[in-house]
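The structure appears below as structure tokens.
Bear in mind that the values in this text are calculations on the coordinates, not laboratory data. All values derive from a computational prediction rather than experimental measurement. Quick reminder, even Gly has a Cβ in these numbers, built from the backbone with ideal geometry, and neighbours come from all protein chains shown.
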Amino acid sequence: MRLEELTWPEFERVRKKVKAVIIPVGSVEAHGRHLPLGTDVFAPVEIANRVDEKLKEKGVDVIVAPPVWYGHTFVLNVYPGTINISADALKAYVAEILREFAREGFRRLVLLNGHGGNHSPLVLASEEVAEEFDVEIWLINWWLDFREEILEVCSSQGHAGEDETSVILAIRPELVKMKEARGERRTRKVRVIRRDIGFELFPDGVNDDPRNASAEKGEAILGRVSERIAELLVEADEEGKGS
Ligand SMILES: [Zn+2]
């Protein structure tokens with residue numbers, strides 16, 4: 001169920017039986033000339049809603065919270081339309097959201113992250129809150145944690161690449177300009193941090209070849225990733241019952 005659609009009495013009734021809260025976290029960020037700036041939010045919100053659907057079929061209730069739209073995106077900030085929030089601000093903001101859910105009585109909080117630059121601030125926020133409350137926080141980076149499943153579908157993956165482009169083709173095809181889709185995988189042996197490194201590592205805001213993307217592949221990725229997350233939540237719930 002979607003948190004923003006409940007009244008407070010409904011929320012109060014359901015919160016005791018809800019097993020987890022899923023909070024999608026993304027960024028407003030350049031994704032090549034072919035994908036919308038909201039890509040990193042559209043994807044985890046869709047995955048969260050599919051997890052909710054799958055769990056409903058199994059009789060398990062979760063709450064999907066509204067997403068955190070703005071993220072920390074240092075590297076891609078060289079392109080117009082990227083709205084970068086400092087790592088400290090993101091960490092503090094997400095920690096406040098986690099604390100509030102902990103105070104509302106939830107024990108398993110799932111950060112479903114759609115954007116690489118958020119990783120470190122999300123870990124730090126989670127550690128801070130886990131010191132204060134008896135909660136279990138999951139940090140899911142969907143494209144990394146389920147890389148194996150994704151690479152069964154796509155030949156490569158990367159920022160605005162085959163996997164992300166496929167996912168957006170599946171869920172918001174009207175926003176994808178496939179004629180503008182191009183790019184290549186670029187890496188450096190060691191991490192180099194420089195204000196304008198984005199131009200070099202992400203030409204046009206891309207780091208992979210997106211031209212083989214398709215809606216069918218996107219559908220397959222969304223199906224597999226949401227199924228795996230649903231399974232993990234069911235397993236964790238059953239383990240909890242046993243102890
Ligand atoms: Zn992205």
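Filtering 41, 51 for residues that are surrounded by 16 or more Cβ atoms within 10 Å (Cβ to Cβ), under 13 Å from the mean Cα position of the chain (by Cα), within 16 Å of the ligand (Cβ to nearest atom) and assigned to a helix (DSSP H, G or I) leaves a single hit, 41.
In segment 139-157, the residues that are under 20 Å from residue 181 (Cα atoms) form Cβ pairs under 8 Å with partners that are more than 16 Å from the ligand (Cβ to nearest atom) and in a loop (DSSP other than H, G, I, E, B), at six or more places apart or across chains, as follows: 154/212; 155/212.
Looking for something surrounded by fewer than 22 Cβ atoms within 10 Å (Cβ to Cβ), within 14 Å of the ligand (Cβ to nearest atom) and in a helix (DSSP H, G or I) - is there at least one such residue anywhere in segment 118-131? Within segment 118-131, one or more residues are surrounded by fewer than 22 Cβ atoms within 10 Å (Cβ to Cβ), within 14 Å of the ligand (Cβ to nearest atom) and in a helix (DSSP H, G or I).
Scan segment 54-83 for residues that are assigned to a helix (DSSP H, G or I) and without any contact (Cβ under 8 Å) to a residue 12 or more places away in the chain and jot them down. Scanning segment 54-83 gives 56, 57. Scanning segment 54-88 for residues that are in contact with a strand residue (DSSP E or B) (Cβ under 7 Å, 6 or more places away or on another chain), buried (at least 23 other Cβ atoms within 10 Å of the Cβ) and farther than 30 Å from residue 238 by Cβ gives a single hit, 71. Of the residues making up segment 126-142, just one is within 21 Å of residue 230 (Cβ to Cβ), aromatic (Phe, Trp, Tyr) and out of contact with any Gly (no Cβ under 9 Å at 6 or more places or on another chain), namely 138. Residues in segment 147-167 that are under 15 Å from the mean Cα position of the chain (by Cα) and surrounded by fewer than 20 Cβ atoms within 10 Å (Cβ to Cβ): 147 only. In this structure, residue 174 does satisfy being free of Cβ contacts under 8 Å to residues at least 60 places away in the same chain and assigned to a helix (DSSP H, G or I).
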